[in-house]
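The values are calculated or read from the model by the stated rules, or taken from the named source; none is laboratory data. Everything numeric here is computed off the predicted structure, so don't read it as measured data. So basically every Cβ, Gly included, is an ideal-geometry build from the backbone, and we count neighbours across all protein chains shown.
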Amino acid sequence: MLPSCLDERRSVWEVPVLVEEIHAEMVSSVWKVLVQPGARVDAGDTLVILESMKMEIPVLTEHAGTVRELHVVEGEVLQEGDLIATVDG
């Protein structure tokens with residue numbers, strides 16, 4: 001019998017998938033999109049480049065994984081907190 005904390009349908013070796021949500025940290029414009037959904041990325045890779053006050057701001061992923069969804073397009077204006085992308089780890 002399995003301990004009550006384990007679901008009988010799940011393998012003991014199953015590892016939960018980390019999902020990283022990447023949000024805009026300030027009001028900015030999407031200057032360049034460097035990845036597409038399905039792309040494999042490493043920790044520290046640049047996903048998009050934002051522009052604010054004539055400065056280029058790279059948006060990096062903190063974890064290696066696969067880009068699940070990209071929520072922005074080039075030229076789009078973002079508000080602080082807008083979702084840019086999700087990455088499955």
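One table, with the values for the structure above:
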item: Meets criteria (surrounded by fewer than 13 Cβ atoms within 10 Å (Cβ to Cβ), modelled with pLDDT of 95 or more, at positive phi and in contact with a strand residue (DSSP E or B) (Cβ under 6 Å, 6 or more places away or on another chain)) for G81; result: yes
item: Within segment 44-78, considering residues that are surrounded by 13 or more Cβ atoms within 10 Å (Cβ to Cβ) and of a type in the set (G, A, S), the one farthest from the chain's Cα centre (by Cα); result: S52
item: Number of positions in segment 53-78 that are over 12 Å from E21 (Cβ atoms) and at pLDDT below 95; result: 2
